[in-house]
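**Student:** I'd like to ask you about the structure that follows.
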Amino acid sequence: MSKTEEASHSTDAFEIWRQLYDANERAWSAALEQAMGSREFGESSGKLLETLLAAQKSVRESMRTYLETMNVPTREDIARLGELVVGLEEKVDQLGDRLDGIEEALRAKRAKSAQ
Amino acid sequence: MTTSTRATWPDAESLWSSNDRALEMARAVLGAADAPVGLTPKELIWRKNKARLYRYARPGPATHRTPVFLILPLINRAYILDLRPGASFVEFLVGEGFDVFLIDWGTPGDEDRALDITTLVTRYLPRAVTAIRKATGKDQVTALGYCIGGALATCFAALHPEVTRNLVLLTAPLDFADAGQFGRMTARGIFPVDRLTETFPTVPGQVPDIGSKLLNPIANYMGTYQRLWQKLGDPDFDVQGWQAMYRWVNDSVPFAGAAFRQWIVEFYQENRLARDMLEMDGRPVRLASIRCPVLNIAASRDQIAPRATTSIVTNRVGSRDASEILIEGGHVGIVVGRTASQNLWPRVGAWLSEHD
């Protein structure tokens, strides 16, 4: 019996899975591509995502209420602190930009007066 | 030859060999998270919030004048362009004599909920370029953007033509009039982008990741393992290479809420860049404002950035020198795949040398 035939009658689960995949990949992909390309699929997955998000939001809000009751900083509190640091960094950068501009103008002025 | 229709039980030897291969497969998958990646030596030269700008170490001075500035996508780890020795676009460019810089956007946290694409293009990129100019003493850079990074590079080049010597785009989606499956998934009225960004300050990396994988679910969810199973039987199979790629594919990054919203609404749904309606910080962002040489690289089997989304740039920019290369392969494959080192990298290297 040839190797291929031997493999095709194997009871090795992994080999069976591989053969199944090889034989059907194209057909499965084409069918899924067609199904998922439809507007219905898009609408349905959008609704599913919206439901999951509603559940997630509810869990987050409950957790926030619980932590606030316990006088423990929430995720939002820590994020707000982080936002202040990021904002401060931006202000320092803006000052750096202005200093760079002043330095450049001074250099240009010096070069002009040296001529 | 006799043909048996009966299933044959494997003998002990093949059974154990199959079990060994299954264990090897589990080891390859489970060990992928620790695969060494991004090994080209580099130095941190600028940072802002989570973003880091690196300069890659060179054995000697650069032989090309214009520094190459790599702008990476927001949803993937930056090491895709420096995957591992021998499979690294960065390593190739350094070897070709370029002074290479890369911006790694890092991992946004909840405090970055208001960080949008406009801020990245108008506050981060100009300062990163200033840092490159200070480090090199050169006035201009070549901006090379990959995927979403290409869209950012395009906006930057349109707003700052004075510092952009060249623009190179790697599979960069810019026109969303026909954005394929992604466009349908994110269509207005279908995709709950507002609720998503209200619920999550940073959109979990799994959201865009699942979206990408659903473009070809069988190949992405099953084919990966099927191919691994098959290759493990080959004594020359490079397990570490597979692990590095597997690590990258599954190492998704959260998307800052405001940036995600802007990407979906202004780029995908309203197609503002292609329709000349995009504004950043009150300034119009127009493709026609780009006057530098442009090289646009598209992948023939790209489902993430289909050709219809990438081809607009060569016709619409204000440059006289705008060309396109179509490479056989997919969105990621053309950058790090087997043929990248023989096809894409030398062609980009040659173009950059010509436009130095």
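Every read-out reported here was derived from the displayed coordinates using simple, explicitly stated rules and does not represent laboratory data. No experiment lies behind these values; they were computed from the predicted model shown. Counting neighbours? That spans all protein chains shown, and the Cβs are built from the backbone with ideal geometry, glycine included.
**Student:** I'd like the Karplus ³J(HN,Hα) series for the range B:136-152: coefficients 6.51, -1.76, 1.60, θ = phi - 60°, whole numbers in Hz, and an x wherever there's a Gly or Pro.
**Tutor:** Each residue's phi maps through the Karplus curve to give 10, x, 9, 7, 10, 10, 9, 8, 10, x, 10, 6, 4, x, x, 5, 5 Hz.
**Student:** For chain A, take the longest principal axis of its alpha carbons; what is the angle in degrees between that and the long axis of helix A:75-114, to the nearest 10 within 0 to 90?
**Tutor:** With both axes taken from Cα atoms, the answer is about 50 degrees.
**Student:** Would you mind getting me the FRET efficiency between B:Thr339 and A:Met70? Use the beta-carbon distance for r and R0 = 56 Å, nearest 0.05.
**Tutor:** E between B:Thr339 and A:Met70, to the nearest 0.05, is 0.45.
**Student:** Give the calculated FRET efficiency between B:Arg283 and B:Asp20 to the nearest 0.05, with a Förster radius of 56 Å applied to their Cβ-Cβ distance.
**Tutor:** Efficiency computed from Cβ-Cβ geometry: 0.35.
**Student:** Could I have the simple spin-label model distance between A:Arg80 and A:Glu40, label points 7 Å from Cα toward Cβ, reported in nm to one decimal?
**Tutor:** In this crude label model, A:Arg80 to A:Glu40 measures out at 4.8 nm.
**Student:** In Å, what Rg and Dmax follow from the Cα atoms of the protein assembly as shown?
**Tutor:** 25.2, 99
**Student:** In a GNM of chain B with a 10 Å cut-off on Cα contacts, which of B:Pro61, B:Pro306, B:Pro201 has the highest mean-square fluctuation?
**Tutor:** B:Pro61
**Student:** Just the Cα atoms of chain B: what Rg and Dmax do they give in Å?
**Tutor:** That works out to 21.7, 79 Å for Rg and Dmax.
**Student:** Pick out which of A:Ser29, A:Ser45, A:Ser62 has the largest mean-square fluctuation in a Gaussian network model of chain A, springs linking Cα atoms closer than 10 Å.
**Tutor:** A:Ser29
**Student:** Mind telling me which of B:Glu43, B:Glu91, B:Glu324 comes out most flexible in a GNM of chain B, alpha-carbon contacts under 10 Å?
**Tutor:** Top of the fluctuation ranking is B:Glu43.
**Student:** Evaluate 2.2 N^0.38 Å with N set to the residue count of the range B:220-356, then give the Cα radius of gyration divided by it.
**Tutor:** Expressed relative to 2.2 N^0.38 Å, the Cα Rg reads 1.32.
**Student:** Taking a virtual spin label 7 Å from the Cα of B:Arg27 along the C-beta vector, which residues in the range B:237-260 bring their backbone nitrogen under 20 Å of it?
**Tutor:** Counting backbone N atoms under 20 Å from the label point, the list is B:237-247.
**Student:** Here's a follow-up. What nm distance separates the two modelled labels at A:Ile102 and B:Tyr221, each placed 7 Å from Cα along Cα→Cβ?
**Tutor:** Each label point lies 7 Å from its Cα, and together they span 6.0 nm.
**Student:** Please work out the Cα convex hull volume for the range B:88-196 and give it in Å³ per residue.
**Tutor:** Residue-normalised Cα hull volume stands at 143 Å³.
**Student:** Hey, another quick one. Counting residues in chain A as N, plug N into 2.2 N^0.38 Å and put the Cα Rg over that result.
**Tutor:** Normalised Cα radius of gyration, chain A: 2.37.
**Student:** Please tell me which of these pairs span more than 28 angstrom C-alpha to C-alpha: B:Lys50/B:Lys138; B:Lys50/B:Lys231; A:Lys109/B:Lys134; B:Lys42/B:Lys138; A:Lys57/B:Lys48?
**Tutor:** In this structure, B:Lys50/B:Lys231; A:Lys57/B:Lys48 exceed 28 Å between Cα atoms.
**Student:** Based on the Cβ-Cβ distance from B:Asp321 to B:Asp238, what FRET efficiency comes out when R0 is 30 Å, to the nearest 0.05?
**Tutor:** Here the calculated transfer efficiency is 0.20.
**Student:** In percent, how large is the relative contact order of chain B, given Cα pairs closer than 8 Å and 6 or more residues apart?
**Tutor:** That works out to 21 percent.
**Student:** Along the Cα-to-Cβ line of A:Met63, 7 Å from the Cα, sits a label point; which residues in the range A:73-91 have backbone N less than 20 Å from it?
**Tutor:** A:73-83
**Student:** Only bridges with both residues in the range B:23-354 count here: give the DSSP antiparallel percent, nearest 5.
**Tutor:** 40 percent
**Student:** Return the long-range amide H neighbours of B:Ile325 (sequence gap of 5 or more, or a different chain), with a cut-off of under 5 Å between placed amide H atoms.
**Tutor:** It is B:Asn296, B:Ile297, B:Ala298, by chain and number.
**Student:** Return one quarter of the surface area of the convex hull spanned by the alpha-carbon atoms of the range A:75-115, equal to its mean projected area, in nm².
**Tutor:** Average projection, Cα convex hull of the range A:75-115: 2.3 nm².
**Student:** Averaged across B:109-120, how many Cβ atoms of other chains sit within 10 Å of each residue's Cβ atom?
**Tutor:** If you average over the peptide's residues, the count of other-chain Cβ atoms is 3.
**Student:** Separate question: Once the Cα atoms of helix B:12-30 and of chain B are each reduced to a long axis, what angle between those two axes, in degrees from 0 to 90 to the nearest 10, is obtained?
**Tutor:** Taking the Cα atoms of chain B, the angle to B:12-30 is about 20 degrees.
**Student:** Considering the zone a paramagnetic label at B:Thr314 would reach in this model (a point 7 Å from Cα along the Cα-to-Cβ line), which residues of the range B:259-298 have amide N under 11 Å from it?
**Tutor:** Counting only backbone N, you get B:295-298.
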